[in-house]
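Novice: Sharing a structure here in C-alpha cells format.
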Amino acid sequence: MKNKIWWVVGGLLSAYIAVTCFVSVKESEFAVITQFGKPVKTVSEAGAVMKLPNPIQAVTRLEKRVQMLSLEPGEYSTRDRRNVVVDNYVVWRIVDPITYLTSVRTTEIAEQRLNTITNSEVGSMLASYPLGKILNVNSEENHLDTLFKQVSERVNTVSQQELGIEVLAVRAVKFGYSPRNLKSIYDRMSSEWERLSKKYRAEGREEAEKIRSQTEQEIIELKSSAYRDSQVIKGQSEAKAAELYSEAFESNHDFFEFVRTMEAYKAVFGSNSQLILPSDSELFKQLVDPKVLGKSANEVPENEGE
C-alpha cells in the first residue's frame, strides 16, 4: 500500500515537473523566465523551452505584436496662446521585455505611463508652434505632420529608455478648438470674410470703372473716326456733284439758268403769293411772254427731253 502511494506521489510529481518545466512559446509573444521573481531569460522565438519547475522558475508572457493606445482628448496651448483640443493615439510595441517587466510589469501601467509621456511631449511641441503654422490651408505652411513626427521621436526615445517600449507613431485623431473659444474664432472668421468681401467688391468696382472708361473712350474714338470718314465721303461727294453741275451748266447754260430761276420762284412763291411787277422786268417776261418760255424750252438738250 505504501509503495502504491509512493508511486502515485512520484507520478504526480513527475507530471508536475514535466508540465512546469516545458514552456510552449507562440509566435505572437515573448516569454520571460523569472527565477524567484527576477528575470533571467527572454524567449522571443516560437517553440518549446525548458526551465526549472515552479516555483523555482516561472514564465511571464508578453504581447509581441503592435498595439494601439487611444488617449483621452486633451486641451493644450500654442505658442501664440491659442487653446486647442487634441485627441491622440499611440502605436507601440514591446522591444525590451526585461526593462518592460522591471518598470511597468502590466499593460495597464504601461498605457498610463505612455499616456503621461505622450501628453507631456504633445503639450511641449504645441507650445513651440504658433497656430498658423499648425493649421494652414497652404501645405508649405502646415507643420502638423512635422510636429507629430517630432513628438513620435521624442516619446519613442523616452519610452525605450524607461519602459522598454518602441513607439512607432503618435498621431492626432481630432485637432480642433476649445468649445469656449469657438465664438471668438467664429467672430474672427466672420470679420475676416467681411474684410475680404469688401476688398473684392472694391476691386470689382475699380475694374468696372476701368472697363467703363475704356469702353467710353473706344466709343468716342469710333464716333470720331466715323464722323471723319463721313465728312471725307461727303466732301468727295459734294466735289463730285459740283464737278457734274459745272459740266452740265457749261454744256447748256441757258437751260440750267432757267431751271435755277424756276427753283428760285418755287422757293419764293407760296400758294397765296401775289407779285406786283413792272412789265419790263425779266421775271415778268419769263412768266407771261411765250417767246421767252418757248426759247427756254427749245434749248433743252435732246437727252434731257427723253
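Novice: As a test of reading the structure, rank L52, L163 by solvent-accessible area (1.4 Å probe, protein chains only), most first. All intermediate terms of the calculation are to be shown ahead of the outcome.
Specialist: Details: L52 80, L163 0 Å².
Result, largest first: L52, L163.
Novice: Now a separate question. What is the Cα radius of gyration of segment 18-145 over 2.2 N^0.38 Å, N being its residue count?
Specialist: It is 1.52.
Novice: Compute the semi-axes of the equivalent ellipsoid of segment 118-249, taking the square root of 5 times each eigenvalue of the Cα gyration tensor, and list them largest first in whole Å. Don't skip to the end; give the middle numbers.
Specialist: On the way: eigenvalues 1283, 69, 12 Å².
Each semi-axis is the square root of five times an eigenvalue, giving 80, 19, 8 Å.
Novice: Also, quick follow-up: Summing Lys, Arg as +1 and Asp, Glu as -1, what charge do residues with Cβ under 13 Å from the Cβ of R201 carry, R201 excluded? Mind dumping the intermediate values first?
Specialist: Details: positive: R195, K198, K199, R205; negative: E194, E203, E206, E207, E209.
My count for the surroundings of R201 gives -1.
Novice: How about segment 42-143: which GluC sites (Glu not before Pro) there lie in a loop by DSSP and see at most 11 other Cβ atoms within 10 Å?
Specialist: Numbers: sites: E45, E63, E75, E108, E111, E121, E140, E141; in loops: E45, E140, E141.
Answer by residue number: E45, E140, E141.
Novice: Could you sort the peptides 85-96, 21-32 by per-residue average Cβ neighbour count (10 Å cutoff), highest mean leading? Write down the numbers at each step before the final one.
Specialist: On the way: 85-96: 18.1, 21-32: 15.5.
Sorting 85-96, 21-32 by mean packing, highest first, produces 85-96, 21-32.
Novice: Here's another thing I want to ask about it. For segment 116-241, with all protein chains present and a 1.4 Å probe, just round the carbon and sulfur fraction of the accessible area to a whole percent.
Specialist: Details: 4660 of 8800 Å².
Summing carbon and sulfur atoms, their accessible area is 53 percent of the total for segment 116-241.
Novice: If you don't mind, another one. Mind listing the phi-derived Karplus ³J(HN,Hα) values for segment 128-133, rounded to whole Hz, using 6.51, -1.76 and 1.60 with θ = phi - 60°, and x for any glycine or proline?
Specialist: 9, 10, x, 4, x, 8
Novice: Using the C-alpha gyration tensor of segment 93-155, what are the square roots of 5 times its eigenvalues, in whole angstrom, with the largest one first? Mind dumping the intermediate values first?
Specialist: Numbers: eigenvalues 203, 25, 12 Å².
Here the semi-axes work out to 32, 11, 8 Å.
Novice: For segment 44-136, what is the accessible area per residue in Å² when the probe is 1.4 Å? Mind showing how you got there, number by number?
Specialist: Numbers: 4850 Å² over 93 residues.
That works out to 52 Å² per residue.
Novice: Give the long-range amide H neighbours of L168: residues separated by 5 or more places, or on another chain, with amide H under 5 Å away, using H modelled in the peptide plane at 1.01 Å from N.
Specialist: Excluding prolines and chain starts, which carry no amide H, the hits are V91, W92, R93.
Novice: Here is a follow-up. Which of rounded, prolate or oblate describes segment 189-273 when judged by the alpha-carbon gyration tensor and an a/c cut-off of 1.5? Kindly include the intermediate steps, with their values, before the conclusion.
Specialist: On the way: a/c = 15.53, a/b = 3.48, b/c = 4.46.
Verdict is oblate for segment 189-273.
Novice: Also, I was wondering about something else. Evaluate the relative contact order of segment 137-190 (contact order divided by residue number), counting alpha-carbon pairs under 8 angstrom at least 6 apart; express in whole percent. Let's see the in-between values first.
Specialist: Values: 21 pairs, mean separation 14.1, N = 54.
With pairs under 8 Å counted, the relative contact order is 26 percent.
Novice: Follow-up question, since we're still on this one. Quick one: 3J(HN,Hα) in Hz for segment 253-265, Karplus 6.51/-1.76/1.60 with θ = phi - 60°, rounded, Gly and Pro as x.
Specialist: Once θ is set to phi - 60°, the couplings for segment 253-265 become 5, 5, 5, 5, 5, 5, 4, 4, 5, 4, 5, 5, 4 Hz.
The values are calculated or read from the model by the stated rules, or taken from the named source; none is laboratory data. This one's a predicted model, so the numbers in the text were calculated from it and none came from an experiment. A quick note on method: Cβ atoms are made from the backbone with ideal geometry, for glycine too, and the neighbour counts reach across all protein chains shown. Each accessible area value is taken on the protein alone, full model and side chains, heavy atoms only, with ligands, DNA and RNA left out. Shrake-Rupley method; radii C 1.70, N 1.55, O 1.52, S 1.80 Å.
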